[in-house]
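For reference, the structure is listed below as structure tokens.
The values are calculated or read from the model by the stated rules, or taken from the named source; none is laboratory data. Just so it is clear, the structure is predicted and the values come from calculations on it, not from any experiment. So basically every Cβ, Gly included, is an ideal-geometry build from the backbone, and we count neighbours across all protein chains shown. Accessible surface areas use protein heavy atoms only, side chains included; no ligands, DNA or RNA. Shrake-Rupley method; radii C 1.70, N 1.55, O 1.52, S 1.80 Å.
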Amino acid sequence: IVSFGKVTPEQKAEAKHSLAIYSWEDFLQLGESKQFDLPERTKSDICTIMYTSGTTGDPMGVMISNCSIVTLIAGVKHLVECVNEELTEKDVYLSYLPLAHIFDRVIEEFFISRGALMGFCRGDVKLLVDDIELKSSIFCAVPRVLDRVHSVQCIICSETVITSVHHQVYYRRFLGEANCLRRCLMWHTQLYSFFKFAYVKQIIVSAEFHKFGNMKKGTKHEDASFICDRVVLSKVNSGLGGNVRLILSSAAPLSDHVEEFLRGVACCHVPQGYGLTETCAGTFVSLPNELSTLGTVGPPVPNVDRCLESVPEMGYDALASIPRGEICVRGDTIFRVFADGWFLTGDVGERQPNGSMKIIDRKKNIFKLSQGEYVAVENLENVFGLASVIDSIWIYGNSFESFLVAVVNPKKQALESWAAENGVHGGFNSICQNPKAKRVRSRGALKDWKREKAAHIDPVPFDMERDPLTPTYKKKRSQLL
């Protein structure tokens with residue numbers, strides 16, 4: 001036993017069964033005046049044992065080899081260079097994701113391989129806004145964090161920015177205070193009208209979004225709208241430190257509207273990636289400036305093979321005109337047990353004509369209702385989650401019942417606004433218990449058995465302290481149950 005504190009002679013005397021106790025200083029002296037050769041290592045040796053998040057049960061230790069780590073870093077380096085975003089020693093990375101998570105781990109190792117800088121957050125997510133002052137050049141995030149960024153930035157753009165631009169540029173024009181350049185900017189770009197239509201109730205209307213419209217025509221994001229970037233949209237990037245060149249989302253699917261929003265207003269590349277602990281993180285990643293990959297996780301990284309396997313019970317056919325099935329991968333990045341074969345991820349993908357992969361379902365999170373119908377619960381949660389009042393939702397069913405139930409975390413501001421409009425009085429907790437508030441509405445047509453029969457509105461958010469979420473905000477369904 002090695003203690004970082006002092007060890008008294010009495011404590012050493014208590015040691016039994018050949019147990020030795022050392023203070024840290026005494027322990028260091030054991031190696032003085034002794035020479036040891038570094039042990040020989042091969043690429044097949046285990047580099048680390050990384051534990052999974054435990055979303056479907058107990059966390060499992062995944063044996064990751066030296067070869068897996070080095071191969072992954074080589075693939076990331078190749079991809080970054082292909083989009084002319086090679087990292088240098090001047091680049092900075094802010095590490096705030098769990099250090100024991102594969103996503104953060106490989107990004108750190110990539111930065112180390114490039115001689116770049118890293119800073120570490122203070123451990124409190126609430127202080128992340130202050131830690132962003134580190135001015136990270138690559139911002140790695142999980143969708144839950146980017147959803148928050150989207151909500152906050154929509155409010156900023158729709159209220160603060162519009163008011164500021166409208167007041168300082170539009171009205172001063174009539175007061176004669178704006179210079180000629182500002183008048184030309186106002187006349188040419190109609191900034192106020194642009195934002196008036198582009199941000200309506202915190203949702204981007206992409207048809208009216210000037211910059212995104214140019215990007216759809218094939219223009220790179222940095223050239224799509226120089227004026228809008230400089231005058232207004234740079235404020236979004238400033239909210240992330242002002243130096244961000246790339247936002248990488250992974251660990252869970254990113255909503256299309258959030259990805260579209262960030263690609264348009266963040267003034268940087270916004271690729272979405274896919275990977276698991278068992279695949280050493282990187283497996284697929286979308287390409288910057290390629291809007292055809294929006295809503296997908298992009299093509300596979302250069303050192304990974306992939307295929308789809310049909311899932312008949314869920315109606316997915318890998319040989320159909322639109323191939324759908326369970327994603328299977330193989331390659332040097334796959335953990336040791338499956339080094340010579342295919343690893344079945346449990347995620348259901350849809351192969352796009354351009355070679356990108358779109359995650360559409362989760363094979364493991366399906367169950368059969370009493371009438372024999374299969375339910376893909378994550379797909380349903382995505383549908384119900386589109387409701388403007390819902391922050392997070394967990395849906396449950398089993399083969400002994402013919403219907404579904406749900407637990408919902410509402411968006412506090414949205415629910416209170418709804419209550420005021422519908423004459424529902426009381427505090428937030430009281431509103432959550434009101435029968436009217438429990439009528440969860442979903443978008444699109446769903447069969448009756450796909451609609452939840454009962455919903456419990458929980459005013460306390462799903463969080464890691466109560467243990468229904470993993471450190472990367474994925475649902476632990478056994479704890480939620």
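To keep it simple, each residue is scored yes or no on (1) acidic (Asp, Glu); (2) in contact with an Asp or Glu (Cβ under 8 Å, 6 or more places away or on another chain); (3) touching a residue at least 24 places away in the same chain (Cβ under 8 Å).
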{"residue": "349", "(1), (2), (3)": "no, yes, yes"}
{"residue": "353", "(1), (2), (3)": "no, no, no"}
{"residue": "361", "(1), (2), (3)": "yes, yes, yes"}
{"residue": "365", "(1), (2), (3)": "no, yes, yes"}
{"residue": "376", "(1), (2), (3)": "no, yes, yes"}
{"residue": "381", "(1), (2), (3)": "yes, no, no"}
{"residue": "387", "(1), (2), (3)": "no, no, yes"}
{"residue": "390", "(1), (2), (3)": "no, no, yes"}
**Report entry** Those residues of the range 312-342 which are closer than 20 Å to residue 274 by Cα and surrounded by fewer than 20 Cβ atoms within 10 Å (Cβ to Cβ), in sequence order
**Finding:** 318, 323, 328, 330, 332, 336, 338, 339, 341, 342
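For the range 13-52, enumerate the residues that are open to solvent by less than 100 Å² (accessible area, probe 1.4 Å) and in contact with a Cys (Cβ under 8 Å, 6 or more places away or on another chain). Break it down into steps so the answer makes sense when it comes.
Step one: list which residues in the range 13-52 are open to solvent by less than 100 Å² (accessible area, probe 1.4 Å), which gives 13, 15, 19-24, 26-28, 30-31, 39, 42, 44-50, 52.
Listed by number, the list holds a single entry, 44.
Hey, does the range 472-481 have a residue that's among the β-branched types (Val, Ile, Thr) and at pLDDT 85 or above?
Let us first name the residues in the range 472-481 that are among the β-branched types (Val, Ile, Thr), namely 472.
If we keep only those that are at pLDDT 85 or above as well, we get none.
Looking through the range 472-481, none of the residues is among the β-branched types (Val, Ile, Thr) and at pLDDT 85 or above.
Do we find a residue being more than 26 Å from residue 289 (Cα to Cα), surrounded by fewer than 16 Cβ atoms within 10 Å (Cβ to Cβ) and among the aliphatic types (A, V, I, L, M) anywhere in the range 60-76? Break it down into steps so the answer makes sense when it comes.
Quick first cut of the range 60-76, residues more than 26 Å from residue 289 (Cα to Cα) only: 60-70.
Now narrow it down to the ones that are surrounded by fewer than 16 Cβ atoms within 10 Å (Cβ to Cβ): 60-61, 63, 66.
Now narrow it down to the ones that are among the aliphatic types (A, V, I, L, M): 60, 63.
Yes, that holds for at least one residue.
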Report summary line: Out of (1) open to solvent by less than 70 Å² (accessible area, probe 1.4 Å); (2) at pLDDT below 85; (3) among the aromatic types (Phe, Trp, Tyr), the one residue 394 does not meet is (2)
Query raised in the report: In the set 10, 85, which member is open to solvent by 70 Å² or more (accessible area, probe 1.4 Å) and outside the structural domain of residue 472 (by the TED database)?
Result: 10
Report task. Any residue in the range 253-278 that's modelled with pLDDT of 85 or more: show its pairings with residues that are of a type in the set (Gly, Ala, Ser) and crowded, with 23+ Cβ neighbours inside 10 Å at Cβ separation under 6 Å, as long as the two are six or more apart or on different chains. Result -> 271/286; 272/249; 272/286; 273/250; 275/281; 275/282
Query raised in the report: Residue check: is residue 438 modelled with pLDDT under 85, over 28 Å from the mean Cα position of the chain (by Cα) and surrounded by 15 or more Cβ atoms within 10 Å (Cβ to Cβ)?
Result: yes
Report task. Just give me the residues in the range 243-268 being open to solvent by 10 Å² or more (accessible area, probe 1.4 Å) and in a strand (DSSP E or B), in sequence order. Result -> 246, 248
Query raised in the report: Based on what the data block shows, is residue 450 touching a Ser or Thr at 6+ places or on another chain (Cβ under 9 Å) and either of a type in the set (Lys, Arg) or modelled with pLDDT of 90 or more (or both)?
Result: yes
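Tally up the residues in the range 328-350 that are in contact with a Leu (Cβ under 8 Å, 6 or more places away or on another chain) and within 26 Å of residue 369 (Cβ to Cβ), please.
Going through the range 328-350 one residue at a time, the tally reaches 2.
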